[in-house]
Amino acid sequence: DTAVSQTPKYLVTQMGNDKSIKCEQNLGHDTMYWYKQDSKKFLKIMFSYNNKELIINETVPNRFSPKSPDKAHLNLHINSLELGDSAVYFCASAGTSGSGTYEQYFGPGTRLTVT
Amino acid sequence: AQTVTQSQPEMSVQEAETVTLSCTYDTSESNYYLFWYKQPPSRQMILVIRQEAYKQQNATENRFSVNFQKAAKSFSLKISDSQLGDTAMYFCAFSAGGTSYGKLTFGQGTILTVHP
């Protein structure tokens, strides 16, 4: 009964390849995100979608293209992978709980290794 | 733009003792939320505790509590009766209300080690 799920959890690929990461949430939230955690463990927002509409694009290279087919899904496609893309990518979703409190939950992360 | 600073790269504590992790932030927003997330070696980001800026009362969740000092822009996490399972990296995070759609701005993280 996972709230936010991502596939795959591990991805090893060569430079120049294209790859996708998928994310799904069953929390009924309206907003979803992609975050990147670098080798120093620093976490930074990449994209945010609200009801399938792109809201935030934080100066991410054009090689990264998010897509939201519906508000429960947010995928990340990466073209022409580079060594510097190696990182852990987290999907998250956010909304208001039944008690009215704002909450944001993360998926398990996808460790991408580019060789 | 908001910034979040965690000035303690590493902390350690003996099992059953209490430890406090520090966090300061800078913002011009009046409506915002603050969070502490835990990231154990499994890398899962786990929400530990949240605080709404408009609430004066400090949030508590079992052994975890915060000291929210809005004027000082400080948001520390106190872990009481530390357990071995608390060993993890802890991130302080800020989220503005309004049209920012809740993106989180994270601090650099604090590695907490609980010793038996």
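The values are calculated or read from the model by the stated rules, or taken from the named source; none is laboratory data. Just so it is clear, the structure is predicted and the values come from calculations on it, not from any experiment. FYI the Cβ positions are ideal-geometry reconstructions off the backbone, even for glycines, and counts take in every protein chain you see. Note: areas computed on protein heavy atoms with side chains; ligands, DNA, RNA excluded. Shrake-Rupley method; radii C 1.70, N 1.55, O 1.52, S 1.80 Å.
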B:MET89 neighbourhood, Cβ < 12 Å, K/R = +1, D/E = -1, net charge +2
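Order the following by accessible area, largest value first: B:MET11, A:MET32. Probe radius 1.4 Å; ligands, DNA and RNA are ignored. Don't skip to the answer; put the middle values down first.
Values: B:MET11 50, A:MET32 5 Å².
So the residues, ranked largest to smallest area, are B:MET11, A:MET32.
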Report the charge-dipole magnitude of the range A:11-115 in Debye, nearest 20, computed about the Cα centre from +1 at each Lys and Arg Cβ and -1 at each Asp and Glu Cβ. 220 debye
Taking only the alpha-carbon positions of chain B as identical scatterers, the Debye log10 I(q)/I(0) at q = 0.09 Å⁻¹ comes out as -0.22
Sorted largest first, the Cα spans of the range B:1-43 on the principal axes come out in Å as 38, 22, 17
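At 25 °C and a viscosity of 0.890 mPa s, what translational diffusion coefficient does Stokes-Einstein give for the range A:1-82, taking Rh as the Kirkwood radius over Cα pairs? Give it in µm²/s as a whole number.
Working: Rh = 13.5 Å.
D = 182 µm²/s.
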Starting at the first residue of the range A:42-58, write each ³J(HN,Hα) from the Karplus equation 6.51 cos²θ - 1.76 cosθ + 1.60 with θ = phi - 60°, in whole Hz, x for Gly and Pro. 6, 9, 9, 5, 10, 9, 9, 10, 10, 6, 6, 9, 5, 10, 10, 9, 8
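May I ask which of A:LYS19/A:LYS67; A:LYS22/A:LYS52; A:LYS40/B:LYS73; A:LYS40/B:LYS78; A:LYS41/B:LYS38; A:LYS22/A:LYS71 have a Cα-Cα span longer than 18 Å here? Mind showing how you got there, number by number?
Values: A:LYS19/A:LYS67 13 Å; A:LYS22/A:LYS52 15 Å; A:LYS40/B:LYS73 25 Å; A:LYS40/B:LYS78 24 Å; A:LYS41/B:LYS38 12 Å; A:LYS22/A:LYS71 13 Å.
Check vs 18 Å cut-off fails for A:LYS40/B:LYS73; A:LYS40/B:LYS78.
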Put +1 on the Cβ of each Lys and Arg and -1 on the Cβ of each Asp and Glu in chain A; which of A:ASN26, A:GLY84, A:PRO108 then has its Cα farthest toward the positive end of the dipole? A:GLY84
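What dipole magnitude, in Debye to the nearest 20, does chain B give about its Cα centre under +1 on Lys/Arg Cβ and -1 on Asp/Glu Cβ?
Working: 9 positive and 9 negative charges, 63 e Å.
Computed charge dipole of chain B: roughly 300 debye.
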Computed over chain B, the relative contact order (Cα-Cα under 8 Å, seq sep at least six) in percent reads 37 percent
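Pop out the carbon and sulfur fraction of the accessible area of chain A as a percent, whole number, probe 1.4 Å.
Working: 2710 of 5580 Å².
Within chain A, the accessible surface is 49 percent carbon and sulfur.
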